[in-house]
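One structure is given here, and the rest of the page talks about it.
The values are calculated or read from the model by the stated rules, or taken from the named source; none is laboratory data. Quick caveat, the model's predicted, so the values are computed rather than measured. Cβ: placed from backbone, ideal geometry, glycine included. Neighbour counts: every protein chain shown. With ligands, DNA and RNA removed, areas are computed over all heavy atoms of the protein, side chains included. Shrake-Rupley method; radii C 1.70, N 1.55, O 1.52, S 1.80 Å.
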Amino acid sequence: FGYGGGVIGRYCDQPEMFPGVAHFHTVRLAQPSGKYYTTEYLRQIMDIWDLRGSGLTNMHGSTGDIVLLGTTTPQLEEIFHDLTHNLNTDLGGSGSNLRTPADCLGQSRCEFACYDTQDLCHTLTNDYQDELHRPAFPYKFKFKFDGCPNGCVASIARSDFSVIGTWKDDIRIDQDRVKAYVGGEFKPGGGSHAGRDWGAFDVVKEVVDRCPTGCMSYDGAKLSIDNSNCTRCMHCINTMPAALKIGKETGA
(Lines give C-alpha, C1' and ligand atoms only; values in the text may rest on other atoms or scores of the structure.)
Protein backbone atom coordinates (compact mmCIF):
# COMPACT_ATOMS: atom_id res chain seq x y z
CA PHE A 1 0.00 0.00 0.00
CA GLY A 2 2.65 2.50 0.95
CA TYR A 3 6.14 1.37 0.09
CA GLY A 4 7.87 1.21 -3.27
CA GLY A 5 11.67 1.17 -3.34
CA GLY A 6 13.44 0.10 -0.20
CA VAL A 7 12.26 -3.51 -0.16
CA ILE A 8 14.31 -6.06 -2.09
CA GLY A 9 12.38 -9.22 -2.80
CA ARG A 10 14.33 -12.39 -2.15
CA TYR A 11 12.83 -15.84 -2.70
CA CYS A 12 14.24 -19.35 -2.40
CA ASP A 13 13.97 -21.32 -5.66
CA GLN A 14 13.25 -24.52 -3.68
CA PRO A 15 10.78 -23.42 -1.00
CA GLU A 16 9.55 -26.99 -0.43
CA MET A 17 13.03 -28.03 0.70
CA PHE A 18 13.73 -24.86 2.68
CA PRO A 19 10.38 -23.51 3.95
CA GLY A 20 12.09 -21.38 6.60
CA VAL A 21 13.61 -19.17 3.91
CA ALA A 22 10.95 -19.43 1.20
CA HIS A 23 10.81 -15.63 1.58
CA PHE A 24 13.82 -13.72 2.89
CA HIS A 25 13.22 -10.14 1.81
CA THR A 26 15.64 -7.31 2.60
CA VAL A 27 14.38 -3.99 3.94
CA ARG A 28 16.49 -0.83 3.69
CA LEU A 29 15.93 2.05 6.11
CA ALA A 30 17.01 5.64 5.51
CA GLN A 31 19.87 6.37 7.89
CA PRO A 32 19.94 9.75 9.63
CA SER A 33 22.54 12.26 8.45
CA GLY A 34 25.93 11.34 9.86
CA LYS A 35 24.49 8.02 11.12
CA TYR A 36 23.77 9.31 14.61
CA TYR A 37 21.48 7.14 16.73
CA THR A 38 20.25 6.89 20.27
CA THR A 39 20.27 3.48 21.94
CA GLU A 40 16.51 3.86 22.45
CA TYR A 41 15.99 4.24 18.70
CA LEU A 42 18.15 1.23 17.87
CA ARG A 43 16.30 -0.90 20.42
CA GLN A 44 12.98 0.07 18.80
CA ILE A 45 14.30 -0.94 15.37
CA MET A 46 15.47 -4.26 16.81
CA ASP A 47 12.11 -4.83 18.52
CA ILE A 48 10.34 -4.47 15.17
CA TRP A 49 12.85 -6.73 13.45
CA ASP A 50 12.79 -9.41 16.16
CA LEU A 51 8.99 -9.48 15.89
CA ARG A 52 8.60 -9.24 12.11
CA GLY A 53 11.95 -10.37 10.67
CA SER A 54 14.96 -12.57 11.18
CA GLY A 55 16.79 -10.30 13.61
CA LEU A 56 19.74 -10.21 11.19
CA THR A 57 21.01 -6.73 10.30
CA ASN A 58 23.79 -4.97 8.42
CA MET A 59 24.93 -1.66 9.87
CA HIS A 60 25.37 -0.28 7.18
CA GLY A 61 25.06 -1.38 3.58
CA SER A 62 27.36 0.00 0.91
CA THR A 63 24.68 2.54 -0.02
CA GLY A 64 24.61 3.62 3.61
CA ASP A 65 21.23 2.35 4.75
CA ILE A 66 20.43 0.32 7.82
CA VAL A 67 19.83 -3.07 6.20
CA LEU A 68 17.37 -5.53 7.74
CA LEU A 69 17.94 -8.97 6.26
CA GLY A 70 15.18 -11.54 6.02
CA THR A 71 11.41 -11.25 6.35
CA THR A 72 8.28 -12.58 4.65
CA THR A 73 5.80 -10.89 2.31
CA PRO A 74 2.93 -10.55 4.84
CA GLN A 75 5.20 -8.61 7.20
CA LEU A 76 6.34 -5.93 4.73
CA GLU A 77 3.40 -3.55 5.03
CA GLU A 78 3.39 -4.03 8.81
CA ILE A 79 7.08 -3.13 9.02
CA PHE A 80 6.57 -0.08 6.82
CA HIS A 81 3.63 1.08 8.97
CA ASP A 82 5.54 0.63 12.25
CA LEU A 83 8.60 2.45 10.93
CA THR A 84 6.78 5.46 9.51
CA HIS A 85 4.06 5.84 12.14
CA ASN A 86 5.95 4.95 15.32
CA LEU A 87 9.61 5.78 14.59
CA ASN A 88 9.27 8.60 12.05
CA THR A 89 11.65 6.61 9.82
CA ASP A 90 11.29 6.04 6.10
CA LEU A 91 12.58 3.36 3.78
CA GLY A 92 15.80 3.79 1.85
CA GLY A 93 16.31 3.39 -1.88
CA SER A 94 16.90 0.26 -3.92
CA GLY A 95 16.67 -0.95 -7.49
CA SER A 96 16.74 1.31 -10.55
CA ASN A 97 16.19 4.27 -8.35
CA LEU A 98 17.73 7.09 -6.39
CA ARG A 99 19.55 5.48 -3.46
CA THR A 100 19.57 6.89 0.04
CA PRO A 101 21.93 9.90 0.19
CA ALA A 102 24.85 9.41 2.59
CA ASP A 103 27.28 11.80 4.25
CA CYS A 104 30.18 11.97 6.67
CA LEU A 105 29.91 13.39 10.19
CA GLY A 106 30.77 16.80 8.79
CA GLN A 107 30.90 19.83 11.02
CA SER A 108 29.18 18.04 13.88
CA ARG A 109 32.47 16.33 14.79
CA CYS A 110 35.22 17.00 12.27
CA GLU A 111 37.57 20.00 12.21
CA PHE A 112 38.35 19.35 8.52
CA ALA A 113 34.73 19.64 7.28
CA CYS A 114 34.36 22.53 4.82
CA TYR A 115 30.55 22.64 4.66
CA ASP A 116 27.54 21.25 6.53
CA THR A 117 27.26 17.77 5.02
CA GLN A 118 24.42 16.78 7.33
CA ASP A 119 22.22 19.70 6.32
CA LEU A 120 22.72 19.07 2.61
CA CYS A 121 22.21 15.31 2.92
CA HIS A 122 19.05 15.74 4.99
CA THR A 123 17.65 18.37 2.61
CA LEU A 124 18.21 16.32 -0.54
CA THR A 125 16.89 13.16 1.11
CA ASN A 126 13.61 14.97 1.74
CA ASP A 127 13.61 16.63 -1.69
CA TYR A 128 13.98 13.27 -3.44
CA GLN A 129 11.99 11.03 -1.07
CA ASP A 130 9.36 10.42 -3.75
CA GLU A 131 12.06 9.12 -6.09
CA LEU A 132 13.24 6.80 -3.32
CA HIS A 133 9.76 5.28 -3.11
CA ARG A 134 8.71 5.32 -6.74
CA PRO A 135 11.60 4.11 -8.90
CA ALA A 136 11.66 6.31 -12.01
CA PHE A 137 15.27 6.13 -13.14
CA PRO A 138 16.79 3.80 -15.76
CA TYR A 139 19.50 2.80 -13.29
CA LYS A 140 20.52 3.37 -9.68
CA PHE A 141 21.80 6.85 -8.81
CA LYS A 142 23.69 7.86 -5.68
CA PHE A 143 24.44 11.12 -3.88
CA LYS A 144 27.28 11.14 -1.35
CA PHE A 145 28.62 14.09 0.61
CA ASP A 146 32.25 14.30 1.79
CA GLY A 147 33.04 17.22 4.07
CA CYS A 148 36.65 17.41 2.90
CA PRO A 149 38.99 15.73 0.40
CA ASN A 150 39.71 12.89 2.86
CA GLY A 151 36.54 11.35 1.46
CA CYS A 152 35.28 9.41 4.47
CA VAL A 153 32.18 8.23 2.56
CA ALA A 154 34.21 7.64 -0.63
CA SER A 155 31.92 9.87 -2.67
CA ILE A 156 34.00 9.69 -5.87
CA ALA A 157 34.36 5.92 -5.83
CA ARG A 158 30.87 5.05 -4.60
CA SER A 159 28.45 7.60 -6.00
CA ASP A 160 27.29 9.26 -9.22
CA PHE A 161 26.91 12.75 -7.75
CA SER A 162 29.75 13.44 -5.31
CA VAL A 163 29.98 16.65 -3.29
CA ILE A 164 33.37 17.28 -1.69
CA GLY A 165 34.34 20.06 0.70
CA THR A 166 37.33 22.25 -0.10
CA TRP A 167 38.76 25.72 0.51
CA LYS A 168 39.84 28.63 -1.69
CA ASP A 169 42.46 30.35 0.44
CA ASP A 170 45.76 29.09 1.86
CA ILE A 171 46.43 26.26 4.28
CA ARG A 172 47.00 27.82 7.69
CA ILE A 173 50.44 27.06 9.19
CA ASP A 174 51.44 27.35 12.84
CA GLN A 175 55.25 27.37 12.55
CA ASP A 176 55.78 26.87 16.29
CA ARG A 177 53.74 23.69 16.17
CA VAL A 178 55.59 22.49 13.08
CA LYS A 179 58.76 22.75 15.19
CA ALA A 180 56.96 20.86 17.97
CA TYR A 181 56.26 18.00 15.57
CA VAL A 182 59.88 18.00 14.40
CA GLY A 183 61.03 17.98 18.01
CA GLY A 184 58.79 15.07 18.95
CA GLU A 185 56.43 17.05 21.19
CA PHE A 186 53.44 16.07 19.04
CA LYS A 187 52.85 12.60 17.62
CA PRO A 188 52.40 12.62 13.83
CA GLY A 189 49.02 11.50 12.53
CA GLY A 190 47.44 12.14 15.90
CA GLY A 191 49.34 9.15 17.29
CA SER A 192 47.74 6.74 14.83
CA HIS A 193 51.04 4.90 14.24
CA ALA A 194 52.24 4.89 17.84
CA GLY A 195 51.99 1.10 18.13
CA ARG A 196 55.69 0.63 17.32
CA ASP A 197 58.85 2.70 17.31
CA TRP A 198 59.27 4.25 13.86
CA GLY A 199 62.12 6.50 14.97
CA ALA A 200 62.15 10.27 15.07
CA PHE A 201 59.61 12.12 12.94
CA ASP A 202 61.19 13.39 9.70
CA VAL A 203 59.07 16.23 8.32
CA VAL A 204 60.89 16.20 4.97
CA LYS A 205 60.56 12.47 4.31
CA GLU A 206 57.09 12.05 5.81
CA VAL A 207 55.42 15.28 4.68
CA VAL A 208 57.36 17.41 2.19
CA ASP A 209 58.58 14.58 -0.06
CA ARG A 210 55.12 12.98 -0.09
CA CYS A 211 53.38 16.05 -1.47
CA PRO A 212 52.04 14.88 -4.87
CA THR A 213 52.82 18.18 -6.58
CA GLY A 214 56.04 18.96 -4.71
CA CYS A 215 54.62 22.28 -3.54
CA MET A 216 56.09 22.10 -0.02
CA SER A 217 59.54 22.85 1.38
CA TYR A 218 61.18 22.93 4.80
CA ASP A 219 64.44 24.79 5.44
CA GLY A 220 64.99 23.53 8.96
CA ALA A 221 63.09 26.38 10.57
CA LYS A 222 60.09 27.19 8.40
CA LEU A 223 57.57 25.10 6.44
CA SER A 224 56.43 26.71 3.17
CA ILE A 225 53.55 25.75 0.87
CA ASP A 226 52.99 26.97 -2.69
CA ASN A 227 49.22 26.95 -2.34
CA SER A 228 48.64 27.68 -6.03
CA ASN A 229 49.88 24.14 -6.76
CA CYS A 230 48.19 22.43 -3.79
CA THR A 231 45.77 19.69 -4.85
CA ARG A 232 44.10 19.40 -1.42
CA CYS A 233 45.29 15.81 -0.94
CA MET A 234 45.10 16.34 2.86
CA HIS A 235 48.27 14.33 3.59
CA CYS A 236 50.17 17.15 5.29
CA ILE A 237 47.13 18.18 7.33
CA ASN A 238 46.41 14.59 8.36
CA THR A 239 50.03 14.09 9.42
CA MET A 240 50.35 17.35 11.37
CA PRO A 241 46.78 18.36 12.31
CA ALA A 242 47.91 20.55 15.21
CA ALA A 243 50.19 22.60 12.94
CA LEU A 244 48.27 22.71 9.65
CA LYS A 245 44.63 23.67 9.19
CA ILE A 246 42.31 23.96 6.22
CA GLY A 247 41.73 27.47 4.90
CA LYS A 248 39.01 29.73 6.24
CA GLU A 249 37.18 30.35 2.92
CA THR A 250 35.46 26.98 2.70
CA GLY A 251 32.73 25.49 0.57
CA ALA A 252 32.00 22.50 -1.65
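The residue list 159, 68, 112 was ranked by how far each Cα lies along the charge dipole of the chain toward its positive end, using unit charges on Cβ atoms, and 112 comes out on top.
Close amide-amide hydrogen proximity is noted between residue 141 and 97, 98, 99, each under 5 Å apart and 5 or more residues distant or on a separate chain (H modeled in the peptide plane; Pro and chain starts excluded).
Around the Cα centre of segment 70-229, unit charges on the Cβ atoms of Lys, Arg, Asp and Glu (plus for the first two, minus for the last two) sum to a dipole of about 460 debye. Amide H contacts under 5 Å for residue 56: 69, restricted to partners 5 or more places along the chain or on a different chain, H placed in the peptide plane at 1.01 Å from N.
Loop-resident chymotrypsin sites (Phe, Trp or Tyr not before Pro) (DSSP state other than H, G, I, E or B) in segment 155-252 with no more than 11 further Cβ atoms inside 10 Å of their Cβ: 198.
Normalised per residue, the accessible area of the chain is 54 Å², obtained with a 1.4 Å probe and no contribution from ligands, DNA or RNA. A P(r) calculated from all alpha carbon pairs of the chain, with 5 Å bins opening at zero, reads 1, 6, 11, 14, 13, 12, 10, 8, 7, 7, 6, 4, 2, 1, 0, 0 percent. Solvent-accessible area assigned to carbon and sulfur over segment 7-164 amounts to 52 percent, based on a 1.4 Å probe. Here is how the number arises for the chain: DSSP H runs of 4 or more residues each give -39500 (n - 2.57), the sum is divided by the residue count, and the result at 222 nm is -7000 deg cm²/dmol.
Among the lysines of the chain, pairs at least eight places apart or on separate chains and with Cα atoms under 19 Å apart come to 13.
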